[in-house]
Every structure is written in C-alpha cells, then in structure tokens.
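Computed from the coordinates by the stated procedures, all read-outs in this text should not be read as laboratory data. Given the structure is predicted, the values throughout are model-derived calculations rather than measurements. Every residue, glycine as well, gets a Cβ built from its backbone with ideal geometry; the counts of neighbours run over all protein chains shown.
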Amino acid sequence: MLLAGLGALAIGLSLGLLGSGGSILTVPVLIYLLGQGEKPAIAGSLFVVGVIATAGGGQYAWRRCVDWRSVAAFGAPAMAGTWAGAWLGGKVGGGVQLTVFAAVMLLAAFLMVRPPFAERGDGYRRGLGKVMADGAGVGVLTGFVGVGGGFLIVPALVLLGGLPMSLAVGTSLVIIALKSFTGLVKYLDVLAEMGLALDWPTLVLVATVGTVGSFVGRRLGKGLPQERLKRIFAVFVVAIALFILARSLPDLL
C-alpha cells in the first residue's frame, strides 16, 4: 500500500500544481507501480480521475465558477464519446491501448510547453458546434485510454467556447467527472465479460490520497512559477511515454 500512497500523492500533487495534465499519471501508476493489468488499470483510472475531478469541481461550483451551459454542450457529447471509447477499448488488446496512451502523453507534454494561449472572449454560442464535436472526440479518448483530458478540454472551452479561464477550469473538472464515471460504468461491463474485476480498496486509497494531494498542490502552486513547472513535468511525461512505448510496441510487431 506504500507504493499506492506514493503514486496517489504524485497524481494529486501534479494535478494541483499544474491545474490539468496530472491525472495522466494514473494509468502508469496503476500498471507499473501497483502491477495491475492494462484494462483494469484504464478502468480504475476513470474512477480515480472521476473522484479527484468531483472534489475539485465541487469547490469551483460552490464558488459559482462553473458554466453549466458549457457543461451541457461539452459534457453530453463527451459522455457519449466516453461510453463509445470504453466499448472500443474492450475490442482491442491492452498493448494497443497503451500505445495510444503513450501518444496521448506526448501530445499532453507538447501542449504543456507551447506558449500560453490567449483568451478569445468572443461569446459562448459562436463555438457551440465545435465545442460539442470536441467534447465527443475527447470523450472517446477518455474511454479508450482512461485520461481525464483536461489539457484538451480547457483550451477548447476557452478558444472555441469563449469562456474566461476563471470559468474554464472549474467547468472542465465537472465535465471530466461526468465522463469519467460514464466510462467507468461501461468498463465494468467490459471487465465482467473478460472475467476481470477492479481492486476497489487500492483504487479508493489512490483516489482519496490523490484528492488530498490535489488540494495541497493547489495551495503550493500559488507561489511557484507555473511555466517552469509545466516544462519540468513535460520532460517527465515524455520519459514515461517513451518507457511505455518501449514496453508495448514489441507486443504489436
């Protein structure tokens, strides 16, 4: 359980410090630190990410920093996409999912180090169709590889939906929670068909410690240089992605 606690703390701290992207560590922690199989780890990641996002999103909702129209416009297609992604994940091998996951990690690292995007602030309705399409796409990705996708959702809400950052982060967390639990429900069916089950005690521990770590990280991050932290974390993410590719690609060849 020590490894579970340390891994959960790393997930929570990184998520709290960076605001998004930290949950991408959940799948590697469950597989390589805790020895879980690929599919249980991806399904378990949805639970862990959902719990942490619910706790964070609840705080933003209490402060009225959630745009519920965007939750509906982005969240509904994202939930449908997550269900479809989880279904698709049950049709392919774990090696394929991990290879895609590693590619997502590389994308996340790139988005972390690119120059900060400017807020458009041109109104919600102009980007409605694009926001819904992006929601469905991110949802499929969530269900297929078990990532929260905040590093994609926040820019979409700002650049396509016209939300200010003060609303985009909290809105993103609510959307992540909704689609994570949607994917988890579907994955429970997928795992049952394969004769697999989740390690609930470990997942509850990881989710609890991760949630506490995210609150601590959020407080610590207020006095730290965000861009430097993101660059350091991006290098770390790239290293893990390359490790995963080295382990998963030979099984596909």
Practice item. Would you work out which of Ser180, Leu205, Pro164 lies farthest towards the positive end of the dipole of the stretch 156-228, given +1 charges on the beta-carbon of Lys and Arg and -1 on that of Asp and Glu, about the Cα centre? Key: Pro164
Point to revise | Distance in nm between pseudo-label sites at Arg114 and Ala197 (7 Å out along the Cβ direction from Cα) | key: 4.4
Check your understanding: Fewest to most neighbouring Cβ within 10 Å: what's the order for Val104, Val145?
Key -> Val104, Val145
Review point. Using mean Cβ contacts within 10 Å as the protection proxy, how do 165-178, 75-88 order, highest first?
Key: 165-178, 75-88
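Within the stretch 1-72, list the trypsin sites (Lys or Arg not before Pro) lying in a DSSP loop whose Cβ has at most 15 other Cβ atoms in a 10 Å radius.
Those that pass, being in a loop and sparsely packed, are Arg63, Arg64.
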Review point. If you plug each phi of the stretch 164-177 into the Karplus form 6.51 cos²θ - 1.76 cosθ + 1.60 with θ = phi - 60°, what whole-Hz ³J(HN,Hα) values come out, in order, with x for Gly and Pro?
Key: x, 4, 4, 9, 5, 5, x, 4, 4, 5, 5, 5, 4, 4
Study note, to complete from the structure: Protection proxy (average C-beta count within 10 Å per residue), highest first, orders 146-156, 132-142, 238-248 as 146-156, 132-142, 238-248
Revision key, fill the gap. Here the stretch 5-102 gives, from Cα atoms, an Rg and Dmax in Å of 14.9, 43
Point to revise | Reach of Lys91 by Cα under 22 Å, taken over lysines that are not fewer than 8 positions away in the same chain | key: Lys39, Lys179, Lys186
Review point. Which three extents, in whole angstrom, do the alpha-carbon atoms of the chain cover along their principal axes, largest first?
Key: 48, 37, 34
